Amino acid sequence: MLTNDMLAMMAVRSVIFHDVPNQRGDGGPTVVLATEVTQIDGRRRKLLQDKLKRVLASRYSFGIMFAAETTSPVPDAIREFTTAGHGASAFVDMSQGLARHLHQVQHGAVSPGLLCVIDFVAGGHRGLVLMKLEREEGAQLELQRQGGQTHFEMSVLDNLVLTDGTRLFKTAAFLRTSEERDDFEMAACDNQRRTTDTIEMARFWTSYLGCVIEEEPRVTTAKFFSVAIEYINTFVTDPGQKTELYESLHSELHSNAPDITPRNFVRDYVPNDIQDHFREYLQEKHVSLKTFPKDTENIKGALKRLTYVSKEGVRVVAPEGKEGLIEVGEENIRVNDRLLRVGQG
Amino acid sequence: MTVAEIEEARKRWIAERPSFVSFSERVENDLKAIVRAQGISAEVSARAKEVHSLVKKLLAKTKHTYDSLPDKVGVRIVVRYRADLPILLTAIGDAFAFKAPQDKSTKLGNDRVGYLSVHVDKLRYRGSAAKDFPPRRFFAELQLRTLAQHLWAEVSHDAFYKNDELIQALPKDLRRRVNLMAGLVEVADREIDKMNSELPNIPGAHLFKGLESLYYRLTAVKPNINLSLEVIELLLPLYRGESEEEIMQRHISPTFAAHEAALRHVYSDPDGDYSDASAFLFQPEALLLYDRLENDPDGTLAVWNSKFPPKELERVAIAFGLSLD
């Protein structure tokens, strides 16, 4: 995963854009390939760097790696280009190849746009960034003075990209860290992971890149769940807080949201006075605070709970599937577990 | 020196000066790096003498020849506090060779006052750097001073009390007044040093000093202390009751050590464009912001927005490779 330090040291070298419309059955518009890099001065370079840092360091970025099996030519193009000794023309050729491939696979509900390829360095290492940008609309106002009257003339601009309002976009950065074939630090971000998006759309970007998410989502999800439970059991002493946290954790995992962002979970549900400690604990146990796709496959059993209510109003909530944990007799209910704490509330 | 020798010296200096300019630039950069590594705020400058200045010096100091003239390149380091002088002298000694430094105040003894500063002769490279600038030919004179010593040196430079020899030639009453004035400057110098070590009991002062010593390892840009104290006061509650010493030891120092290479890059990127940098990037509390943004971005954002423009925090975050999103 690209670290914040690597991003702090990121310096853009060359940039090229290609216009990539959607693939249609009837042919449709064709891809417009730039034959030269875009000239950038210090201000433009900084704009690109800042946008990239903001999105790649955000809680919504995630670690990726090259897929073991893929038909995408992107991994090989990146492996090849980031080895030493490639000049400007190789950069243009390589980026054109990436744009042609995007045009081949981009159809249906995926928005057309511009493919931006960036050659960069960070901490003495060479890297590439791929960004897919969608055109946005905006308005421009110009002050006009005529015959003693003053008014603003408004024009609509429909070719804007990377405006201040664009917080998330399809991005991926690959930083080569040694000459070994697959020694890269990588990160990606995707704006198309909303609940309304189909799985195919959600996977489009990583699939185009020929990458998979670094850690299998079912592993990450299970790790987050078990470390959070461990923390609640060990450090949260107030029974009310404890119950609320259990409930929040379960509802987070049961919700329809396709991702989990531990940093947001801590912010939204954990009491203020233990937020720092909770975050530190997650990080100590190697749970990233960033967004990851939710997959509850490995914790299906632990997420299912049964509630037993006795005649006198005693409530026992227990995970389903733990054989022998709860024994229900005619006259009594037996919990076969050690008592950790007793509290009021 | 004879008239012919002076003329010859002029010609040689015109021819050789460019290589001494390169030497002075290298020395200045290296000394700046040494000063930064100590986390000390100091003005560092080095320059090769102008041709007319060299000729004047040879005319005035007849004992010197072109080759023996010690200050063809003059270097000056001006620090804020007396306590910084021995620290810097030791650090410079690790990288450069020089003759045993003269502390002018020691030379004056305890019954006279006057020009005070540490004077280092024959400052020269050793090791691999000496290959580019052989020490036999390339050496400089270094003056290491506090601000108060610098004040005295500057005001006395063009006066008849520039040095001990001239002072002794003055009428008694005038000599006494010169000594009193120099004494005042020395007392001020010592008080400034003492007050710095006896920090005022105001919230944030200890933390500011700790942050400042790390900040000056990254940049020599002077901060605005009022702004620093406001930001520190705003962010202190995020450390939930920890003392300022604890915050430095448990949070800031480890964060700084873990990210020092990236921080150095942020502050010394040769391609870096700082025209759109946050006003808070060149403040010591930027390191406090870094620590909080890395560990508690949401909490930091919430308190920050109550007082300062959100855009400024975003600029700081992005410069450090962090994101508020």
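The values are calculated or read from the model by the stated rules, or taken from the named source; none is laboratory data. On a predicted model such as this, the values are computed, not experimentally measured, just so you know. When we count neighbours, we look across all protein chains shown, and the Cβ atoms used for this are built from the backbone with ideal geometry, even at glycine.
Scanning the range A:249-267 for residues that are without any contact (Cβ under 8 Å) to a residue 12 or more places away in the chain and closer than 27 Å to B:Pro237 by Cβ turns up just one, A:Arg267. Every test in (1) of a type in the set (Asp, Glu); (2) surrounded by fewer than 12 Cβ atoms within 10 Å (Cβ to Cβ); (3) in the same structural domain as A:Phe235 (by TED's automatic domain parsing) is passed by A:Asp276 save one, and that test is (2). Among the residues of the range A:67-81, those that are buried (at least 21 other Cβ atoms within 10 Å of the Cβ) and in contact with a strand residue (DSSP E or B) (Cβ under 7 Å, 6 or more places away or on another chain) comprise A:Ile78, A:Phe81.
Of all residues in the range A:298-333, those being of a type in the set (S, T, N, Q), within 17 Å of A:His254 (Cα to Cα) and part of a loop (DSSP other than H, G, I, E, B) number 0. Taken over the range A:268-296, residues that are outside any loop (DSSP other than H, G, I, E, B), within 13 Å of chain B (Cβ to nearest Cβ) and over 19 Å from B:Arg240 (Cα atoms) amount to 3. Return the total of residues in the range B:3-36 being of a type in the set (A, V, I, L, M, F, W, C) and either at pLDDT below 90 or not in a helix (DSSP H, G or I) (or both). The qualifying residues number 4.
Taking the range B:263-320 on its own, how many of its residues are within 11 Å of chain A (Cβ to nearest Cβ) and assigned to a loop (DSSP other than H, G, I, E, B)? Total satisfying the criteria: 11. Checked against the criteria, B:Val187 does not count as buried (at least 20 other Cβ atoms within 10 Å of the Cβ) and within 28 Å of the chain's Cα centre (by Cα). Scanning the range B:37-58 for residues that are part of a helix (DSSP H, G or I) and touching a helix residue (DSSP H, G or I) at 6+ places or on another chain (Cβ under 7 Å) gives B:Ala37, B:Val51, B:Leu54, B:Val55, B:Leu58. Evaluate the following for A:Phe292: is it at pLDDT below 85 and aromatic (Phe, Trp, Tyr)? Yes; evaluated as a whole, the condition is true for this residue.
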